[in-house]
Amino acid sequence: MRTISLVLVGMILLGSGDAMAQSAAGERFDGKWTTKLTCPAKGNTEGYTWQFPSVIEKSNFHGERGTAGEPGYLLIEGKIAEDGKAKLSANGIVASRQYARGVFAHKGEDYSYNIKAQFKETEGTGTRDTGLGIVGRPCTFEFEKQPSTSPVGGS
C-alpha cells in the first residue's frame with residue numbers, strides 16, 4: 001500500500017511539473033508591450049505612425065488605440081502560438097479620409113484586416129494583410145516588451 005501511495009505522489013508531482021513547464025512556455029510573451037504601427041503613404045492617402053500600449057496575457061494579445069466607438073479607434077486581438085507566430089485581427093473606425101484608402105473609407109466607417117506577426121521573448125514584428133493590394137497598403141508593426149516593474153525590496 002505504501003508503494004502505491006509513493007507511486008501516486010510521484011506521478012502527481014511529475015504531472016504538475018509538466019503542466020508548470022507548459023504553462024511557463026506558453027506564457028513567455030506575457031506582459032506589457034508597446035505596439036508601433038506604421039502605414040506608408042500610398043497614392044493620395046497620407047502615411048501615419050501610431051504607438052500605443054498593448055498587453056499579452058496567457059498568450060492572448062490585446063492592444064487598443066483611441067476611444068471605443070469613436071473615429072480613430074483601433075482594437076487588435078489574437079492568440080500567440082508557442083513558437084511566437086500569431087494571426088491578429090484589427091478592427092477600427094476611420095478617423096479621417098486623408099489617411100484611409102478605399103471608396104467607402106469615410107470618417108466614422110468601420111474597417112478590419114488581419115496581421116501576420118512573429119513574437120520573440122522581448123520583441124516582435126508584423127505585417128498587415130493587404131488583400132488584393134488595391135485598397136490595402138503594406139503597413140508594418142513593431143512590438144516591444146516593456147520591462148516588468150517589481151516592488152523595491154520585494155518579499
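Among all positions in the range 44-57, there is no residue which is in contact with a Gly (Cβ under 6 Å, 6 or more places away or on another chain), open to solvent by 20 Å² or more (accessible area, probe 1.4 Å) and at pLDDT 95 or above.
Answer yes if at least one residue in the range 65-88 is open to solvent by less than 60 Å² (accessible area, probe 1.4 Å), modelled with pLDDT under 95, farther than 25 Å from THR149 by Cβ and part of a strand (DSSP E or B), and no otherwise. No, there is no match, as no residue in the range 65-88 is open to solvent by less than 60 Å² (accessible area, probe 1.4 Å), modelled with pLDDT under 95, farther than 25 Å from THR149 by Cβ and part of a strand (DSSP E or B).
The values are calculated or read from the model by the stated rules, or taken from the named source; none is laboratory data. From a predicted model like this one, the values you see are computed outputs, not experimental measurements. Note that each Cβ is placed from the backbone with ideal geometry, even for glycine, and that neighbours are counted across all protein chains shown. We work out accessible area using only protein heavy atoms, side chains counted, and drop any ligands, DNA or RNA first. Shrake-Rupley method; radii C 1.70, N 1.55, O 1.52, S 1.80 Å.
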